[in-house]
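Please treat every number below as a calculation from the coordinates, not as lab data. The structure presented is a predicted model; accordingly, all values stated were derived computationally and were not measured. Heads up, the Cβs are rebuilt from the backbone with ideal geometry, glycines too, and the neighbour counts pull from every protein chain shown.
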Amino acid sequence: MRPLKHLGVIVIFSSLLFSCVPLNQFRELEESNQQLTDKVESLSSDKELLKGRTEELKELADRLKNQVAALTADTLQKGRDVRACRGDLNHLRTEYDDLLSQLRNQTGTADSEELLAYLQKLQEDLQAREDALIAAERDLESRKTELQNAMSELTSAQSQLEAQNRRLMELEQALARKDSASNALRKAIADALTGFDQSQLKVHIKNGKVYVSMEEKLLFGSGSYQVSTEGASAIRQVANVLGEKKDINIMIEGHTDPVPYRSGVLLDNWDLSVKRATSVTRILLENSEVDPSRVIAAGRGPHVPLVSNETTEGKRKNRRTEIILTPRLDQILDILETN
């Protein structure tokens, strides 16, 4: 009897050992997938922020365009004013020189004194015109500098706007491709499973992942982790689709209800859920096109129910195996890292 007892201990220990390894792998992959999901959600939020920033940049560009147009018109007017002021100044200088020449030819007459007085006034006017010209030229230079700064700011805003638009377009295209890939995958698997009882399985998308949820009745007998003939056929149909999809990560989760269970080498519901996930995994991997490095099996026991376990119907729905398919997000993450 002692050798049989030792053999039983070894079997139980082996069961515990092989149950823990997939669970640890599951936790690592779940954490990685959650990080990717968080990044995708962050991308969606970032996309909305980019849209807001793009609108702000558009408004800024419009204001700067209006400012540049106003400054350009004002600069042109200032230039005309400077040229007019310079022409008046030249005219006054000519008049001043003529009067000064006349004054030199006339001495000691009343006309000379009157001419001298007018000449003095003309000189004062000439000085005022020179001062106005200097001020106008300074104002013109200031306007030119302001215009150059505004044009530089407009160029910078337009460059930012173009860069934002490019990144926004890249993100939208990448997210659209991800959604398109998920929808195409969901349809391909749903089509492959059309021959099975649809009341016992469901193919849907949640959080960007494709879920293939199969109830216990389709796959297993009560308390068993041996896959039925019909269940194995359904799993092979899924495997055929996944064999053609090389960029999909695959997670198989076993779920039970909370009714305590123990039989043979199975210690509890948690152990049963792991065994069921492993059984489904082995059938998936019969397809040589499904790379084992993409696959992980894990048991969740009764801890992630779909509905309340207070009714028989609720317990039935919670006893399920889910194949969770996650399109790889490498392209989207590359865009994030690049930007």
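Quick notes on this one:
- Close amide-amide hydrogen proximity is noted between Tyr261 and Asn269, each under 5 Å apart and 5 or more residues distant or on a separate chain (H modeled in the peptide plane; Pro and chain starts excluded).
- Computed from backbone phi, the HN-Hα couplings of region 176-183 come to 5, 5, 4, 4, 5, 5, 5, 5 Hz, rounded to whole numbers (Karplus: 6.51 cos²θ - 1.76 cosθ + 1.60, θ = phi - 60°; Gly and Pro given as x).
- Packing-based order for 314-321, 69-76, using average beta carbon neighbours within 10 Å, highest first: 314-321, 69-76
- Taking the average, over residues, of other Cβ atoms within 10 Å as the packing measure, peptides 210-222, 127-139 rank 210-222, 127-139 from highest down.
- Cross-link table Lys246/Lys315; Lys209/Lys315; Lys121/Lys144; Lys178/Lys202; Lys245/Lys315; Lys202/Lys245, entries beyond 28 Å C-alpha to C-alpha: Lys246/Lys315; Lys121/Lys144; Lys245/Lys315
- Under Karplus coefficients 6.51, -1.76 and 1.60, residue-wise ³J(HN,Hα) of region 191-206 in Hz, glycine/proline x: 5, 5, 9, 5, x, 10, 4, 5, 6, 10, 8, 8, 10, 8, 10, 9
- Residues Glu95 and Asn66, FRET efficiency given R0 of 41 Å [Cβ-Cβ distance, rounded to 0.05]: 0.40
- Whether region 115-160 is rounded, prolate or oblate, judged on the alpha carbon gyration tensor where a/c under 1.5 counts as rounded: prolate
- Dipole magnitude for region 170-322: computed about the Cα centre from +1 point charges on Lys and Arg Cβ and -1 point charges on Asp and Glu Cβ, it is near 140 debye.
- What the phi angles of region 253-260 give under the Karplus curve with 6.51, -1.76 and 1.60, with θ = phi - 60°, is a coupling list of 10, x, 10, 10, 8, x, 5, x Hz, glycine and proline written as x.
- Note on region 229-339: dipole from Cβ charges, positive end direction compared against Ala277, Met251, Ser263; the farthest Cα belongs to Ser263.
- Between Ala176 and Glu162, the contour length at 0.36 nm per residue exceeds the Cα-Cα span by 3.0 nm.
- Additional length obtainable on full extension of the chain from Asp197 to Ala184, 0.36 nm per residue less Cα span: 2.5 nm
- Virtual spin-label span in nm between Ala73 and Thr155, 7 Å along Cα→Cβ: 2.5
- Distant-in-sequence amide H partners of Arg328 (H built 1.01 Å from N, under 5 Å): Asn249
- Remark on Ile252: its backbone amide H falls under 5 Å from those of Ile296, Ala297, Ala298, Ile324, a criterion applied only to residues 5 or more positions apart or on other chains, H modelled at 1.01 Å from N.
- Applying 0.36 nm per residue to the separation of Leu306 and Glu244 and subtracting their alpha-carbon distance, the gain on full extension is 19.3 nm.
- Placing a label point 7 Å from the Cα of Glu286 along the Cα-to-Cβ direction, the residues of region 233-252 with a backbone N closer than 20 Å are 233-245, 250-252.
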